[in-house]
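**Q** Below you'll find the structure I mean.
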Amino acid sequence: MKVAVFSTKNYDRHFLSEANGEHAHELIFFEPRLSSETTALAAGFPAICPFINDQLNAENLKAIANGGTKLIALRSAGFNNVDIKAATDLGITLVRVPAYSPYAVAEHAAGLILTLNRKYHRAYNRVRESNFSLNGLLGFDLHGSTVGIVGTGKIGMCFAQIMKGFGCNLLAYDIYKNPECLEMGVKYVELSELFATSDIVSLHCPLTPESYRIINPTTLEQFKPGAMLINTSRGGLVDTKAVIDALKSQKLGYLGLDVYELEGDLFFEDLSDEVIQDDVFERLLTFPNVVITAHQAFFTRNALQNIAQTTLSNITDFEKGRECKNIVNS
Ligand code: NAD
């Protein structure tokens with residue numbers, strides 16, 4: 001099938017081309033993001049392959065449908081950037097990669113926790129400058145601390161396993177109780193109890209209308225003073241201005257982010273020679289107790305191989321008219 005790959009980076013090209021041997025799709029790689037300015041690039045392609053910050057709103061979907069696109073093969077798990085109703089109404093099939101490496105994201109969340117707690121980022125720079133002082137590097141034992149997990153699906157469960165290994169007490173909130181988490185000793189509680197009793201809160205639920213800004217002034221008020229918040233899920237789960245206020249008042253003791261609500265204007269690009277216009281993001285960077293990574297939690301070799309394989313299999317299933325278990329809008 002002829003596939004337009006949007007938001008291409010060198011690693012996308014490498015892993016998709018490598019996995020394409022057995023599928024033999026005609027992959028055309030475009031570096032720009034799919035937006036109202038670039039929908040014309042999709043003309044004549046029955047399939048497109050976008051990533052998380054491509055803009056698949058009703059207007060852009062209509063434009064690509066007019067150009068002949070019938071399949072959107074997302075190379076991501078999350079699909080909050082797609083107007084699903086509009087895609088369905090236009091007869092466009094949407095497929096995704098529901099699981100590619102929950103370990104990658106869960107391990108990154110654990111890495112953010114360790115970095116914030118033991119301040120590796122500061123220690124690394126200090127030692128390189130021959131400053132061997134320990135002042136300001138004091139951490140706490142993860143063993144015995146309470147970790148609250150919001151969303152115990154594939155990633156949340158892996159994260160629970162990791163934190164159990166550290167000897168943490170595990171609390172969780174989810175609409176569904178994961179039997180494997182229950183077996184592991186995870187205690188499901190109401191969200192307000194989770195916020196009030198957790199030393200660390202880690203978000204692993206999708207971004208939906210219900211979970212939008214689940215972290216806001218009201219819920220932050222419920223947090224244990226000095227708690228740590230980790231978000232490796234989606235930026236829209238967090239009201240960033242509210243979090244800045246909570247950091248300033250020291251209600252929030254630590255913040256680790258791999259995602260940011262307005263990351264579409266920043267992440268995945270080298271902007272080191274530019275003046276960043278997002279003052280809210282820049283304020284976040286001024287806190288010593290904030291660590292931000294640019295949506296890299298998924299970024300392991302294993303995950304990229306799995307993403308490429310599943311994406312191309314999804315396209316092959318569609319092309320051959322086979323049932324595809326990864327359809328979002330069946
Ligand atoms: P999953 O579908 O396996 O699990 C999500 C869980 O969240 C489910 O158990 C679901 O019941 C629960 N949930 C849904 N709405 C909720 C709510 N309002 N409150 C609490 N729980 C709720 O998904 P997953 O594979 O574990 O991925 C979780 C999220 O991680 C994805 O939606 C995506 O946004 C994010 N993600 C981020 C990266 C990254 O690189 N940073 C990579 C992959 C996925």
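**Q** Among (1) among the charged types (D, E, K, R); (2) in contact with a Ser or Thr (Cβ under 9 Å, 6 or more places away or on another chain); (3) within 9 Å of the ligand (Cβ to nearest atom), where does Lys224 come up short?
**A** (3)
**Q** Any chance region 121-131 includes a residue that's farther than 30 Å from Lys62 by Cβ and near the ligand (Cβ under 9 Å from one of its atoms)?
**A** So far as region 121-131 goes, no, none of its residues is farther than 30 Å from Lys62 by Cβ and near the ligand (Cβ under 9 Å from one of its atoms).
**Q** Sticking with this structure for a sec: Can you name the number of the only condition in (1) within 27 Å of Asn302 (Cα to Cα); (2) open to solvent by 30 Å² or more (accessible area, probe 1.4 Å); (3) in contact with a Gly (Cβ under 9 Å, 6 or more places away or on another chain); (4) away from the ligand (no atom under 16 Å from the Cβ) that Phe166 fails?
**A** All conditions are met except number (3).
**Q** Just one of (1) open to solvent by 30 Å² or more (accessible area, probe 1.4 Å); (2) more than 20 Å from Thr69 (Cα to Cα) trips up Ile327, so point out which.
**A** (2)
**Q** Another question, then. Name the single residue, out of those in region 48-80 being small (Gly, Ala, Ser) and under 24 Å from the mean Cα position of the chain (by Cα), that is farthest from the ligand (Cβ to nearest atom).
**A** In this case the residue turns out to be Ala58.
**Q** Can I ask one more? With touching a strand residue (DSSP E or B) at 6+ places or on another chain (Cβ under 9 Å), within 28 Å of Thr208 (Cα to Cα), of a type in the set (Asp, Glu) and away from the ligand (no atom under 11 Å from the Cβ) as the only criterion, which of Asp83, Asp89 stands out?
**A** Going through Asp83, Asp89 in turn, the sole match is Asp83.
**Q** May I pose another question? Could you look through region 199-231, keep only residues that are under 11 Å from the mean Cα position of the chain (by Cα) and either open to solvent by less than 10 Å² (accessible area, probe 1.4 Å) or of a type in the set (Lys, Arg) (or both), and pick out the one that is nearest to Tyr260 (Cα to Cα)?
**A** Once the filter is applied, the top-ranked residue is Asn231.
**Q** Test Tyr254 against the stated conditions and say whether it is in contact with a Phe, Trp or Tyr (Cβ under 8 Å, 6 or more places away or on another chain), surrounded by 15 or more Cβ atoms within 10 Å (Cβ to Cβ) and of a type in the set (Ser, Thr, Tyr).
**A** For Tyr254, the condition - in contact with a Phe, Trp or Tyr (Cβ under 8 Å, 6 or more places away or on another chain), surrounded by 15 or more Cβ atoms within 10 Å (Cβ to Cβ) and of a type in the set (Ser, Thr, Tyr) - is not met.
**Q** With respect to Ala104, is the statement that it is part of a helix (DSSP H, G or I) and touching a helix residue (DSSP H, G or I) at 6+ places or on another chain (Cβ under 7 Å) true?
**A** The answer is yes for Ala104.
**Q** Taking the condition of being open to solvent by less than 30 Å² (accessible area, probe 1.4 Å), farther than 14 Å from Asn289 by Cβ and either among the basic types (Lys, Arg) or assigned to a loop (DSSP other than H, G, I, E, B) (or both), how many residues in region 110-146 meet it?
**A** 2
**Q** Looking at region 181-198 only, could you name the residues that are charged (D, E, K, R) and surrounded by 22 or more Cβ atoms within 10 Å (Cβ to Cβ)?
**A** none
**Q** Moving to a separate point now. Tell me, which helices (runs of 4 or more DSSP H) wholly within region 147-232 include 3 or more residues that are farther than 24 Å from Arg118 by Cβ and either in contact (Cβ under 8 Å) with a residue 12 or more places away in the chain or out of contact with any His (no Cβ under 8 Å at 6 or more places or on another chain) (or both)?
**A** The helices (runs of 4 or more DSSP H) meeting that bar are 179-184, 191-197, 217-222.
**Q** If you don't mind, there's one more thing I want to ask. Quickly run through region 301-324 and pick out the residues that are part of a loop (DSSP other than H, G, I, E, B) and open to solvent by less than 40 Å² (accessible area, probe 1.4 Å).
**A** Cys324
**Q** Still on this structure, I have one more. Out of (1) of a type outside the set (S, T, N, Q); (2) within 30 Å of Ser145 (Cβ to Cβ); (3) within 13 Å of the chain's Cα centre (by Cα); (4) open to solvent by 10 Å² or more (accessible area, probe 1.4 Å), what's the single condition that is false for Gly264?
**A** The number of the failed condition is (2).
The values are calculated or read from the model by the stated rules, or taken from the named source; none is laboratory data. Owing to the predicted nature of the structure, the values given are computational and were not obtained by experimental measurement. Neighbour counts are summed over all protein chains in view; Cβ atoms, including those assigned to glycine, are modelled from backbone coordinates with ideal geometry. In case anyone asks, the SASA skips ligands and DNA or RNA and just uses the protein heavy atoms, side chains included. Shrake-Rupley method; radii C 1.70, N 1.55, O 1.52, S 1.80 Å.
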